[in-house]
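Before any comments, here is the structure.
The values are calculated or read from the model by the stated rules, or taken from the named source; none is laboratory data. From a predicted model like this one, the values you see are computed outputs, not experimental measurements. We place every Cβ from the backbone using ideal geometry, glycine too, and count neighbours over all the protein chains shown.
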């Protein structure tokens, strides 16, 4: 390999070329002439810092240092007595290829170890096993006596714990728990950058603030005082420190270098990839488990639904699945399962509806105290369909919910929503059937048909009946409004109780038709009915208008009461009013029920607009006309009410006649003005 060997003045005859890398040992690279390999008289590589030569018995030894911790020694059988600086320079230059080849081989070893670690990262799924292999590979490319430990941060403890180790180190180190900022490990973790320690005093500075307990464990696990140099390297996962790799070098002098630190940083990056991959795999495994479990939960709950076990059975099974006490609340019919838990949560159906309106999703709430025991924490999960809240699942918690419990609750809520929607669909079918029978009753002419239909509907023919029609209005979508209508029907039956019979009640769109019967006074029935409408409108945040017909004793008059209720409702609708109106309270307005509101307003404007335009004259003509007509056209009575002289009243009346082009002596004109005044006064009321 030494191409100029034949031309060398120094190397003649027999010779040997040796190399020492990392101060470990002398290795023979090349020899000629049959010299017996013997390094017993070679200098210690640790002590060679510059090129020099020395004379031995019958041969010469030349030492040439190269690069980092690499020395080439040449043993030559020669008669030369001394070498000049130029001789050493030329010899060093000539032997440089040996150093280059050795360095390349060393780099190849490092590269192979790096590639081996990369293959392990892509193939292994066992994180602990993988971290140990990466750590061993990292130490194997550092040609000194070293010990390595990988520390990983445990968020639950708020400490760094040993996750992997390589080299002669005791198990006592496993008991250590390092806080961020504590010792070399904690400071590296907090700092997020690597550090090379080659001075023992510097080591002691960062080591000195470790807790006595950790120092004791470390002392039993490893003779820290033997360390000559130390490298600490942080391991970042998504740019956040999660681990620290620390390598201790022992021996006679500090040997770790910046190059070693950079090499360890490369392995640290592999650890980061390994941790990221392991977490991705764990996430995939967990997601796969959750998907399978979700399918199992869904299949189990749907099976109960298909077997018509009912919502209560589904809720009971769901409680077993999550292993926690659970309350199922049906807000359509205001039912609780188990019923004994109705008051335990401290919540009512109205409060749950307000909770959903406020939160629009799952929420946590503290239940009321029970005796001397504090109330449990509740996880409130709404059962929703078409943006309307149909019910709630109230889960009593002692801690948090894991992902599988959350999945079970979500699946349970979905199945229960279908159950409630199915109940609503059956109710709509019942409503349609009831509506058809009721219409047959009110349109029938034959008494036998009346009795037959009344019997089907549950109407007591011995009691008087009244028909009312309620119309619900809400800005909510039609599907949500339908749910409110269903809830209105259920709540009405429950609120009126047994004393007031509700034999017929059905919904069609946003209208609910109701037949009321009672042995009590009719005024009591109306009072309780009005009270229910007011309270229900308040907590539901809906607007309700209700028209009610008269009480009739004859069954065939049910159609008349229904017609009156419909007219009263039309009257309220024409006025844009949301209230309760008895047909008998409409009075003269019955004449105008079917007239459009716009047409009535136009009729009133024809009379009063000319008078209001003359108001700037200070005459108050509109008020004068209203007072005059309200006083039954008595001039003296009207003047007293207006606090004006009677002659002033006469002047105003003549002015009104002139402006309107009519005469108060014409009965038709008077009737026209009376109607306009009545409608004007009604609109004010």
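Remarks
- Residue count for region 395-417, restricted to those that are buried (at least 22 other Cβ atoms within 10 Å of the Cβ) and outside any helix (DSSP H, G or I): 1
- Subset tally (residues that are assigned to a helix (DSSP H, G or I) and under 14 Å from residue 549 (Cα atoms)) for region 503-529: 5
- Only a single item in (1) at pLDDT 80 or above; (2) surrounded by fewer than 16 Cβ atoms within 10 Å (Cβ to Cβ); (3) in contact with a strand residue (DSSP E or B) (Cβ under 6 Å, 6 or more places away or on another chain) is not met by residue 362, and it is number (2).
- Qualifying residue in region 66-84 (condition: modelled with pLDDT of 80 or more, exposed (fewer than 12 other Cβ atoms within 10 Å of the Cβ) and more than 26 Å from residue 249 (Cα to Cα)): yes
- The residues of region 156-170 that are in contact with a strand residue (DSSP E or B) (Cβ under 9 Å, 6 or more places away or on another chain), surrounded by fewer than 17 Cβ atoms within 10 Å (Cβ to Cβ) and more than 22 Å from residue 205 (Cα to Cα), listed by number, are 167, 168.
- All positions within region 207-242 that are more than 16 Å from residue 147 (Cα to Cα) and either part of a loop (DSSP other than H, G, I, E, B) or touching a strand residue (DSSP E or B) at 6+ places or on another chain (Cβ under 6 Å) (or both): 208, 209, 210, 211, 234, 235, 238, 239, 241, 242
- Comparison of 186, 148 shows that the only residue that is outside any helix (DSSP H, G or I) and in contact (Cβ under 8 Å) with a residue 24 or more places away in the chain is 148.
- Look at (1) assigned to a helix (DSSP H, G or I); (2) farther than 15 Å from residue 163 by Cβ and you find that residue 279 fails only one, number (2).
- Number of residues in region 20-67 that are touching a residue at least 12 places away in the same chain (Cβ under 8 Å) and either closer than 19 Å to residue 94 by Cα or in the same structural domain as residue 257 (by TED's automatic domain parsing) (or both): the value is 19.
- Failed condition for residue 302, given (1) buried (at least 16 other Cβ atoms within 10 Å of the Cβ); (2) closer than 17 Å to residue 418 by Cα; (3) touching a residue at least 24 places away in the same chain (Cβ under 8 Å): (1)
- The residue list 130, 196, 204, 157 contains one member that is assigned to a helix (DSSP H, G or I) and either closer than 15 Å to residue 229 by Cβ or out of contact with any helix residue (DSSP H, G or I) (no Cβ under 8 Å at 6 or more places or on another chain) (or both), which is 204.
- Checklist (1) at pLDDT below 80; (2) more than 33 Å from the chain's Cα centre (by Cα); (3) assigned to a helix (DSSP H, G or I) applied to residue 539, failing item: (2)
- Taking residues in region 618-640 that are buried (at least 19 other Cβ atoms within 10 Å of the Cβ), and partners anywhere that are assigned to a loop (DSSP other than H, G, I, E, B), the pairs with Cβ atoms closer than 6 Å and at least 6 places apart or on different chains are 638/631.
- Exactly one residue out of 264, 347, 245, 332 is surrounded by 19 or more Cβ atoms within 10 Å (Cβ to Cβ), touching a residue at least 24 places away in the same chain (Cβ under 8 Å), in the same structural domain as residue 168 (by TED's automatic domain parsing) and not in a helix (DSSP H, G or I): that is 245.
- Subset of region 222-236 (residues that are in contact (Cβ under 8 Å) with a residue 40 or more places away in the chain and surrounded by fewer than 20 Cβ atoms within 10 Å (Cβ to Cβ)): 236
- Filtered by the rule that a residue be loosely packed, with under 13 Cβ neighbours inside 10 Å and out of contact with any strand residue (DSSP E or B) (no Cβ under 9 Å at 6 or more places or on another chain), region 418-477 gives 425, 426, 429, 436, 443, 445, 446, 447, 448, 455, 462, 475.
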